[in-house]
Number of protein chains: 2
Amino acid sequence: MTQELFARYSFLLDRTARKVKQYAQHQFKAGEFDVTVDQWLVLKNLSENELLSQTELANLVFKDHPTLTRIIDLLCKKGYVERVPHPQDRRSFQLHLTDSGLEKVSELKPKILEIREKAWENLTPKDFEEFKRILDTIYQNLGGPSEE
Amino acid sequence: MTQELFARYSFLLDRTARKVKQYAQHQFKAGEFDVTVDQWLVLKNLSENELLSQTELANLVFKDHPTLTRIIDLLCKKGYVERVPHPQDRRSFQLHLTDSGLEKVSELKPKILEIREKAWENLTPKDFEEFKRILDTIYQNLGGPSEE
DNA sequence: TACCAATAGTTAGTGTGACAAATATATAAA
DNA sequence: TTTATATATTTGTCACACTAACTATTGGTA
């Protein structure tokens, strides 16, 4: 009987994740941020780790390689990122934020933190801990690597 | 400073939702279920509510109309669902599970409940309550309708 | 040196999500 | 009745997730 509930929770999880993304995307659009939510995730990680390869970046943001290839294509087209040939390994690139990309990150960072905050109204720091613990447990139950 | 954490939680939420879907999809494929996770959600809701219109169904599963149109197209192509013209309103359809669709639902239902259960190992019923409460709060914070 | 498996990245195909716009029909107002 | 507005669904476009297949390169090994 509780079994029936499990399916329900996976539904709520999916629905909420989509809502969170959709809400952020609306705010991004309203503020004319010129990037999508996923593009922002990539930009932000690049600003925190220079000279990553695409594989390293893929592991950081938990996206697969084809998806990342396309996101980077788009960010290159927008002039925020450059693919620099790796000096030793001709198969790979070092990803590099352009000046324009750096500027974009510092411009958007505070605005996006503010947008993200909205979701957590009426919730306590203890709730965050519980939420994180449950999400991580689910992730690991399904074969994901545990958080370091 | 806690601000930085918020962005992190939205990342974990997205990552976990994708993992849950990915895990289920792998099991669906291994079991040759012949439907995707989203197609299953639609089938299941149709089995619980006969003669829905697409709009009613869209509201149940929280998908937008174009997405639902396409999922139903695929389910029709697979022979699980039929669009029956609405007797009074020529704009709309009544969605109808075929015999094959009914059979598919009863065949898959127990298997899928079992798959869903996996995510909740090491978690208590109290955790489920907390999780549901937090997810619903986030959903409502971002403008979603509250649960009835 | 020649072969071979592993790795980095890309491309193509399908399904889904969001959004805008179009079509057809229904209903209400003038 | 005519007009206006609202509703049900579809179509088109872009972005992302996942799979499979492909190219190029690397590094180990016979």
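The values are calculated or read from the model by the stated rules, or taken from the named source; none is laboratory data. The structure displayed is predicted, hence computed values, not measured ones. Backbone-built Cβ (ideal geometry, glycine too); neighbour counts: all protein chains shown. SASA here: full protein model, heavy atoms, side chains in, ligands and nucleic acids out. Shrake-Rupley method; radii C 1.70, N 1.55, O 1.52, S 1.80 Å.
Name the one entry in B:50, B:56 that is over 18 Å from residue B:28 (Cβ atoms) and more than 10 Å from DNA strand D (Cβ to nearest atom).
B:50 is the lone residue from the list that is over 18 Å from residue B:28 (Cβ atoms) and more than 10 Å from DNA strand D (Cβ to nearest atom).
Among the candidates A:129, A:82, A:103, A:107, single out the residue that is modelled with pLDDT under 95 and open to solvent by 70 Å² or more (accessible area, probe 1.4 Å).
On inspection, the qualifying residue turns out to be A:129.
Tell me which of these residue A:46 doesn't satisfy, since it passes every other one: (1) open to solvent by 20 Å² or more (accessible area, probe 1.4 Å); (2) modelled with pLDDT of 95 or more.
Condition (1) is where residue A:46 drops out.
Could you count how many residues in the stretch B:85-112 are within 16 Å of DNA strand D (Cβ to nearest atom) and without any contact (Cβ under 8 Å) to a residue 24 or more places away in the chain?
Number satisfying all stated conditions: 6.
Go through (1) over 30 Å from residue B:108 (Cα atoms); (2) within 14 Å of chain B (Cβ to nearest Cβ); (3) not basic (Lys, Arg) and name the single condition residue A:5 misses.
(1)
With (1) farther than 20 Å from residue A:12 by Cα; (2) among the β-branched types (Val, Ile, Thr); (3) modelled with pLDDT of 95 or more as the list, and residue B:71 as the residue in question, which single condition is left unmet?
All conditions pass for residue B:71, except number (1).
Return the residue satisfying two criteria in turn: it lies in the stretch B:53-73 and is touching a Phe, Trp or Tyr at 6+ places or on another chain (Cβ under 9 Å) and within 20 Å of residue B:109 (Cα to Cα), and of such residues it is surrounded by the fewest Cβ atoms within 10 Å (Cβ to Cβ).
Looking at residues that are touching a Phe, Trp or Tyr at 6+ places or on another chain (Cβ under 9 Å) and within 20 Å of residue B:109 (Cα to Cα), I get B:61.
Looking at the stretch A:6-32, which of the residues that are open to solvent by 70 Å² or more (accessible area, probe 1.4 Å) and not polar (S, T, N, Q) is farthest from DNA strand D (Cβ to nearest atom)?
Filtering the stretch A:6-32 for residues that are open to solvent by 70 Å² or more (accessible area, probe 1.4 Å) and not polar (S, T, N, Q), the one farthest from DNA strand D (Cβ to nearest atom) comes out as A:8.
Of the numbered conditions (1) within 10 Å of DNA strand C (Cβ to nearest atom); (2) assigned to a helix (DSSP H, G or I); (3) more than 8 Å from chain A (Cβ to nearest Cβ), residue B:43 fails exactly one; give the number of that condition.
Of (1) within 10 Å of DNA strand C (Cβ to nearest atom); (2) assigned to a helix (DSSP H, G or I); (3) more than 8 Å from chain A (Cβ to nearest Cβ), only one is false for residue B:43: (1).
Just name the residue that is nearest to the chain's Cα centre (by Cα) out of those in the stretch A:14-40 that are without any contact (Cβ under 8 Å) to a residue 24 or more places away in the chain and within 7 Å of chain B (Cβ to nearest Cβ).
Ranking the candidates gives A:21 first.
Residue B:35: more than 28 Å from residue A:26 (Cα to Cα), open to solvent by less than 30 Å² (accessible area, probe 1.4 Å) and not in a helix (DSSP H, G or I), yes or no?
yes
Taking helices (runs of 4 or more DSSP H) that fall entirely within the stretch A:49-148, which contain at least 1 residues that are hydrophobic (A, V, I, L, M, F, W, C) and within 13 Å of chain B (Cβ to nearest Cβ)?
Where helices (runs of 4 or more DSSP H) fall fully within the stretch A:49-148 and carry at least 1 residues being hydrophobic (A, V, I, L, M, F, W, C) and within 13 Å of chain B (Cβ to nearest Cβ), they are A:54-61, A:99-117, A:125-141.
How many residues, within the stretch A:110-126, are crowded, with 17+ Cβ neighbours inside 10 Å and within 20 Å of residue A:15 (Cα to Cα)?
Final tally of qualifying residues: 5.
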